[in-house]
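These notes concern the structure reproduced below.
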Amino acid sequence: MSAEHGRLENPKQWRAWGPYVASRQWGTVREDYSANGDAWNYFPFDHAHQRAYRWGEDGLAGISDADGLLNFSIALHNGKDDRLKERLFGLTNGQGNHGEDVKEYWWPLDATPTHSWASWLYRYPQAAYPYQQLVAENGARSKQEPEFELSDTGVLDHNRFFDISVDHAKADVDDLLITITATNHGPDMAPLELLGQLWFTNTWAWGNDPEIPELRALVIAGEDPTDSALRIAASHHRLGNFVLAAEPHLDAMPTLLFCDNETNDVELYGAETNRTAYPKDGINNAVVHGDFAGVNPQNRGTKAAVRYSFAGIAPGQSVTVRLRLRADSANAVIDGTTRPGMDADFGPTFAATMAQRSHEADSFYAAVIPASASVEDAHVARRAFAGLMWGKQLYRYTVEDWLEGDPAQPPPPPERKQATGAVPGRNTRWRNLDLAHVISMPDEWEYPWFAAWDLAFHTVPLAHIDPAFAKDQLLLLCREFVLHPDGQLPAYEWAFGDVNPPVHAWAAWQIYTL
C-alpha cells in the first residue's frame, strides 16, 4: 500500500487544506445582488481587484483551509500590464461569440486525493495582456466564426512568455511547502514581479461576524541573525494561528506589503470614504503603479503579499522562490515576535519532503492506473485526475441570506425575491439550500459554480482514486440542506429548479458496483 493510500485511511485531517480556491469568483450568481439577475455585469472582471467577495475567493494556484477562511495564491506582473495577474480572465456569456470562455493557458499537472502533493502550470505573456483586444475581437465575430484566442493576439509569438510552475507539498496536515518557479522561454531578458499572496476571506463586512482577523509582519528575534526569512503571522478567531515564511532570494530579496480585503468604494462607486485606508487594491497599486498610499505602513491588515522583484530573468533561465505556510500550534508567535525554533523553515527537510511527496504520488498512481496502460494513456489519465483534484473548490451559498441580504449591507432589490413577474427572482423556491462544502466543480473556468449533473459524472472517475470522497459527494446532494422539500435535486446555480436527467442515480450505481 502506498503512503497516499495510507493517508486515505484517515483523510479528514489531510484534506483540511487543499486547492479549494476558485480561479474565478467574479460574475457568479452568488455575488449577484442586482434586480434583474445579470450576474455578469453586476460583478465584472474589472471590479475583481477592487471589490471584496461575499461568498468565496479566487486566485491562481490557490490553496485554502476547507472552510475558506485563510487563502494563499500567486500573483504576477510583467512590468507592462495595467493590473496584477491575480485570477483568470475570460469573456462573459455576452462577450464571447461562442459564449463564456477563459482566455488564458494553464494546466493542472499532478495532484493526490489528500492534496499531499499538487503541481500546476501557468503561461504568462511578457507583453501587456491584451484584455481589450480579446473583448473587442470576439464581440465583432459571429457565431459562425472561430473564437479569437490569446494565441491569436501575437503576445506569445517567439515564446515571449514565462512558464510559472507551482508545487505544493504537505509536510503535515497543516504544514504546506510551496515552490514557485518562473522560466523565461523568450529570446530576451525580461522582468518579473512574483508575489505570494495571503489573505483572509472577508467575513466581517456583512454584519454577521464582527470579529476581524489579522495578518502582521513578524519581528525576528532570538534567531540566527543570518536568517533573514520574512514571516507573516495570521491570527483568526476560528482558524487559529498560522505563519507564512518566505525564503530570501539573492536576485530578488523579498519585501512585505499589507492592505485589507475590503472594497475600494471610493474608486468603484464614488463614495466619500472607504471602510479602511488600505482597500483590496492597495498591493496592486503599489506594484503596478508605484503608488504605496494604499499599503499599510504598520505592516498589518487582512491581505498581504511577499514580493519578489526580478529586474531581469535571462532567456532560458529559471528562478525559484520557496514559501511555507504552517500552523503555529506551538504558540511560537507572541505579540508579533518570533521565538527561537522557527529557523528551520527552509532547511534540508524542505527539499527532501517535496521530493518524497512527488515520489509518493508516483507510487500511488502506479497502483491506480493499470500496468497494461501505455505510457501515453497513463500520462493522460494522471493529468485528468489532476484536473479533478484541482477542480475541488469550496462552495459557499446560503440562499436565504442571499435573498434577504446582510444586516450591514443595503437591502437587495425586491425584484430578487419575486417568484413570478417580468423578471422573476432566481432560486426563490430554494431557501433551504445552505452549502459550505468542498465540492467537485465542473471545471475551473466555464462553470465555477455548483452543477449537480457534472458533479455526478465526476464522481465515477473520482471513485477510482478516492471512493470515500466520491460517495460523500453524492450523499451531500441528498442532504436536507440541499435537496428541495419536494425531493428534487438542485440542478445548477443559475436555476436550481431546472430538470436534469437521472445521472445522480446512475453515478451512485456505478460507484456501488466498482
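The values are calculated or read from the model by the stated rules, or taken from the named source; none is laboratory data. What you are looking at is a predicted structure, and each value in this text was computed from that prediction instead of being measured. Please note: Cβ atoms are built from the backbone with ideal geometry, for glycine as well, and neighbour counts cover all protein chains shown. These area figures cover heavy atoms from the full protein model, side chains too; ligands, DNA and RNA do not enter into them. Shrake-Rupley method; radii C 1.70, N 1.55, O 1.52, S 1.80 Å.
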Ignoring ligands, DNA and RNA, how do Thr255, Thr92 rank by accessible area with a 1.4 Å probe, largest first?
Thr255, Thr92
Reduced Cα scattering model of the stretch 4-96, Debye log10 I(q)/I(0), q = 0.16, 0.21 Å⁻¹
-0.75, -1.05
What are the membrane-span-like helices in the chain by this rule: whole DSSP H runs, Cα extent along the axis at least 20 Å, mean Kyte-Doolittle hydropathy at least -1.0?
348-368, 375-390
Once Rh for the stretch 439-481 is found with the Kirkwood sum over Cα pairs, what is the Stokes-Einstein diffusion coefficient at 4 °C and 1.567 mPa s, in µm²/s?
122
Summing -39500 (n - 2.57) over the DSSP H runs of n ≥ 4 in the chain and dividing by its residue number, what mean residue ellipticity at 222 nm do you reach, to the nearest 500 deg cm²/dmol?
-6000 deg cm²/dmol
At a 10 angstrom cut-off on C-beta neighbours, averaged per residue, how do the peptides 128-134, 22-28, 270-276 rank from highest to lowest?
22-28, 128-134, 270-276
One quarter of the convex hull surface, Cα atoms only: what value does that give for the chain in nm²?
25.4
Could you grab the relative contact order for the stretch 116-240? Cα pairs under 8 Å, six or more apart, rounded to a whole percent.
20
The set of residues whose placed amide H lies less than 5 Å from the amide H of Asn296, leaving out same-chain residues fewer than 5 positions away, is Phe258, Cys259
In whole Å, what are the Cα extents of the stretch 368-514 along the three principal axes, biggest one first?
60, 29, 26
Between Ala140 and Val266, what is the FRET efficiency for a Förster distance of 35 Å, r being their Cβ-Cβ separation, to the nearest 0.05?
0.55
How long are the semi-axes of the ellipsoid equivalent to the stretch 3-58, from square roots of 5 times the Cα gyration tensor eigenvalues, in whole Å, largest first?
35, 11, 8
Work out the length of the dipole vector of the stretch 360-404 about its Cα centre, built from +1 on the beta-carbon of each Lys and Arg and -1 on the beta-carbon of each Asp and Glu, and round it to the nearest 20 debye.
160
Can you check what the Kirkwood hydrodynamic radius comes to for the stretch 235-302, Cα pairs only, in Å to one decimal?
13.6
Leaving out ligands, DNA and RNA but keeping every protein chain, what accessible area does Arg238 have, in Å² rounded to the nearest 10, with a 1.4 Å probe?
150
If amide hydrogens are placed 1.01 Å from N in the peptide plane, which non-local residues have theirs closer than 5 Å to the one on Gly425?
Gln418, Ala419, Thr420
Positive-end extreme of charge dipole, the chain - chosen from Asn41, Val287, Leu433 (charges on Cβ):
Leu433
Go from 0 up to the bin containing the longest alpha carbon distance in the stretch 74-200, width 5 Å each, and give me the % of pairs per bin.
2, 10, 17, 19, 17, 14, 11, 7, 3, 1, 0
DSSP-defined antiparallel bridges as percent of all bridges, the chain, nearest 5:
95
Which value in nm describes the separation of the simple spin-label points at Ala314 and Glu211, placed 7 Å from the Cα toward the beta carbon?
5.2
Please pull out the direction-averaged projected area of the stretch 118-189, using the convex hull of its alpha-carbon atoms, in nm² to one decimal place.
7.2
Considering only Cα-Cα distances, which of the following residue pairs are longer than 30 Å: Lys103/Lys303; Lys143/Lys417; Lys280/Lys392; Lys103/Lys417; Lys417/Lys471; Lys12/Lys103?
Lys143/Lys417; Lys103/Lys417; Lys417/Lys471; Lys12/Lys103
Please work out the Cα convex hull volume for the stretch 186-323 and give it in Å³ per residue.
138
